[in-house]
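Here's the structure, in structure tokens; my notes come after.
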């Protein structure tokens, strides 16, 4: 068995799609060596990826395998790292409070925050779109939704970045423990002084006499906060970057702003905010194509690769906002499908529409230098996006 060696592959971070295409041409699943792992398995074909996301032979709980370990911290008590029936129970409790009606009620506030950020940004004629717009919008929305105080948001951003895009195992471990301690205090504050926010509602939530334990509340707060802003930052910045790299598509969207819904779906497919789903672990030997993945192995489903599979999307490397991009894997599939997808879509549509309206002549800022890509295999995005208008 040949192992795909990605150690030190800086061009993979900048543009993984040629690597994915080569792997898909040779088979739907491969053993991969990275800077952090001697061997993991990566599923790269669309059909195989979609099937694996819903396949119960793959566990999301690292505690089910003796060949893998992770830090023991309350933030790990979240439904992304659980299988049914534990996942089912937690999702049911959260879904009762994080409803489509609650999400839709956020629309006026999302529009207001978007306008305020653009009011502050536009007069300068140039900006780092990540720092000035793509980050503060979803961060403000999710923190207000969950009731995180303003003064804590910069510290939260630092902890979050160190966990999802770690530069070292030591920094990641420190951030995990700091995040757990912070959320423990936040949950206790909400328990003592509940407010009109989602976290307070989750503390009080009951279903057939069942509620979330303290560790489950900490884990849920972590998942909602991190997933609720990190992915949307990349959705906005990757989407704008795709438009700037494809001027005809940018012109088309300016001329026909009603295409924004389909455009956002194509942005998610073409260069989505999450490169791979979080780890799964084989409960038993699993055969995919001609490859057998042994029991107890760590597996990554390459969402970005599946969404560039020509077997699913014709001419997949072309960015086309008129494309029927439905069925993409950017938000996952199966029982772990992203609970916050409706909120992310709303924020992306509002943000990009308003940006194009307020910033005619939007373009890359050549003085901004080369892009700095987020490290690791999980997220797909840049730390900064210098633009001008």
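Comparing segment 81-172 with the 2.2 N^0.38 Å rule of thumb, its C-alpha radius of gyration ratio is 1.38 (two decimals).
Each peptide among 244-250, 158-164 gets the average number of other Cβ atoms lying within 10 Å of its residues, and from highest to lowest they stand as 158-164, 244-250. Cα convex hull, segment 263-389: 141 Å³ per residue, rounded to a whole number. Given the Cα atoms of segment 180-322, and with Rh set as the inverse mean 1/r over their pairs in the Kirkwood sense, what is Rg to Rh to two decimals? With Rg and the Kirkwood Rh in hand, the quotient comes to 1.11.
The relative contact order of the chain, computed from alpha carbon pairs under 8 Å that lie at least 6 residues apart in sequence, is 26 percent. GNM remark for the chain: springs join alpha carbons under 10 Å apart, and the peak mean-square fluctuation among 141, 233, 301 falls on 141.
Considering only 271, 307, 315, the mean-square fluctuation computed in a Gaussian network model of the chain, springs between alpha carbons under 10 angstrom, is largest for 315. At full extension, residue 383 and residue 213 could sit 57.7 nm farther apart than now, given 0.36 nm per residue minus the alpha carbon distance.
Computed on the Cα trace of segment 136-177, the radius of gyration divided by the Kirkwood hydrodynamic radius gives Rg/Rh = 1.04.
Working from the Cα coordinates of segment 20-121, the gyration tensor eigenvalues give, after taking √(5λ), semi-axes of 34, 23, 17 Å in decreasing order.
Here the extension length gained between residue 197 and residue 63 equals 45.0 nm, from 0.36 nm per residue of separation less the Cα-Cα distance. Label sites at residue 372 and residue 185, each approximated as a point 7 angstrom past Cα along Cα to Cβ, lie 2.7 nm apart.
Between residue 15 and residue 256, the modelled label-to-label distance comes to 2.8 nm, taking each label 7 Å out from Cα in the direction of the beta carbon.
Spacing of the modelled spin labels on residue 337 and residue 317, each 7 Å from Cα toward Cβ, amounts to 3.1 nm.
Suppose R0 equals 45 Å; then what is the FRET efficiency for residue 97 and residue 2 from their Cβ-Cβ distance, rounded to the nearest 0.05? Here the calculated transfer efficiency is 0.40. Distance from the alpha carbon centroid of segment 1-27 to that of segment 163-199 works out to 35 angstrom.
Laboratory data are not the source of any read-out in this text; all were calculated from the coordinates shown. Computed from a predicted model, the values in this text were never measured in an experiment. We place every Cβ from the backbone using ideal geometry, glycine too, and count neighbours over all the protein chains shown.
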